[in-house]
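Chemist: For reference, the structure I am asking about is given below.
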Amino acid sequence: MIVRDEFLSRLRKIFDLNLYEVKVWTALLSRGTSTAGELSNISDVPRSRTYDILESLEKKGFIVMKLGKPIKFVALKPEEVVERVKKNLVKYTQERTKRLETLKGDEVLTELTELFTKGIKFVEPSDLSGSLRGRQNLYNHLDMMLRDAEKTITIVTTAEGLNRKFEALMPALEKCRKRGVKIRIAAPINKNNIKVAKDLKSVAEVKDLQEIKARFIIIDSTQIMFMLLDDEKFHPNYDIGVWINTEFFSQALEQMFELAWKEMKKV
């Protein structure tokens with residue numbers, strides 16, 4: 001059986017399977033019903049691993065074991081597999097969410113918080129820094145930064161970045177606004193993002209920034225995250241951001257931003 005590596009790679013990502021699992025599964029799909037030995041030969045998976053792989057696929061709802069001698073395995077319709085995987089994923093997520101919710105009043109969380117609080121005392125503020133790769137990771141961290149905001153938020157982004165931030169960060173920005181946090185957003189405004197810019201005016205002061213191309217966020221003049229790459233030239237998975245907890249640098253950058261802010265036009 002010849003299955004393209006690209007196809008196997010897509011299956012791994014979509015269904016969260018390892019390489020052996022997708023090889024055995026596609027081999028069984030091509031046969032309908034088969035034994036572990038036959039599947040090992042077809043898929044090029046070591047016989048010693050095939051039974052474990054088949055057991056794993058059965059638990060995940062991809063196949064069914066047919067009782068008898070020799071034991072055979074039956075492939076399910078791909079549509080049925082998708083439905084089973086969806087149900088299992090929902091169940092797993094609900095169980096994990098419930099487990100994490102119970103931590104709120106648990107001594108485990110108290111001990112973890114105590115460890116962090118004691119440990120943070122020995123860390124220099126300038127050492128609280130890090131780099132993040134991938135746009136989703138960047139937005140997860142930005143969301144956390146916004147939740148910590150107490151006084152001010154300054155956002156400078158690109159035209160398309162404005163649309164992305166509206167989609168990803170609007171709920172967090174609304175909560176900040178309710179807490180009385182002052183929010184300023186600067187970005188190039190054009191026909192593709194003018195609607196979003198107007199919607200953002202409900203939570204922030206928005207101005208048109210045409211002369212400078214930059215991507216950064218400053219929180220309370222103490223924390224800053226700036227992106228290193230041009231979002232028009234690189235894939236989201238390769239986006240890189242640097243986060244630093246530094247009052248000195250944050251205040252300096254915000255002071256320079258103030259000069260440009262005065263010259264910008266309001267939306």
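Chemist: Please work out if residue 48 is polar (S, T, N, Q), exposed (fewer than 11 other Cβ atoms within 10 Å of the Cβ) and assigned by TED's automatic domain parsing to the domain that holds residue 9.
Modeler: In short, yes.
Chemist: Please give the number of the condition residue 25 fails out of (1) surrounded by 15 or more Cβ atoms within 10 Å (Cβ to Cβ); (2) touching a Lys or Arg at 6+ places or on another chain (Cβ under 7 Å).
Modeler: Of everything listed in (1) surrounded by 15 or more Cβ atoms within 10 Å (Cβ to Cβ); (2) touching a Lys or Arg at 6+ places or on another chain (Cβ under 7 Å), residue 25 misses just condition (2).
Chemist: Here's something else I'd like to know. Examine segment 38-47 for a residue that is without any contact (Cβ under 8 Å) to a residue 40 or more places away in the chain and under 33 Å from the mean Cα position of the chain (by Cα), and state whether such a residue exists.
Modeler: Yes, segment 38-47 has at least one match.
Chemist: Please pick out the residue among 7, 62 that is among the aromatic types (Phe, Trp, Tyr) and either surrounded by fewer than 18 Cβ atoms within 10 Å (Cβ to Cβ) or under 25 Å from the mean Cα position of the chain (by Cα) (or both).
Modeler: Just one listed residue meets the conditions, 7.
Chemist: Considering segment 132-157 alone, what residues qualify as being in a helix (DSSP H, G or I), under 24 Å from residue 256 (Cβ atoms) and either in contact with an Asp or Glu (Cβ under 9 Å, 6 or more places away or on another chain) or not assigned by TED's automatic domain parsing to the domain that holds residue 217 (or both)? It would help to see each step written out before you state the result.
Modeler: Going through segment 132-157, the residues in a helix (DSSP H, G or I) turn out to be 135-148.
Applying the additional criterion that residues be under 24 Å from residue 256 (Cβ atoms) yields 138, 141-142, 145-146, 148.
Of everything in segment 132-157, those that are in a helix (DSSP H, G or I), under 24 Å from residue 256 (Cβ atoms) and either in contact with an Asp or Glu (Cβ under 9 Å, 6 or more places away or on another chain) or not assigned by TED's automatic domain parsing to the domain that holds residue 217 (or both) turn out to be 138, 148.
Chemist: Does residue 169 qualify as being within 23 Å of residue 136 (Cα to Cα), surrounded by fewer than 15 Cβ atoms within 10 Å (Cβ to Cβ) and aliphatic (A, V, I, L, M)?
Modeler: When the stated conditions are applied, residue 169 does not pass them.
Chemist: Would you check which residues across segment 221-253 are buried (at least 17 other Cβ atoms within 10 Å of the Cβ) and among the charged types (D, E, K, R) and list them?
Modeler: Once the filter is applied, which keeps residues that are buried (at least 17 other Cβ atoms within 10 Å of the Cβ) and among the charged types (D, E, K, R), segment 221-253 yields 231, 239.
The values are calculated or read from the model by the stated rules, or taken from the named source; none is laboratory data. Keep in mind the model is a prediction, meaning the values are calculated, not measured. As a convention, Cβ positions derive from the backbone with ideal geometry for all residues, glycine included, and neighbour counts pool all protein chains shown.
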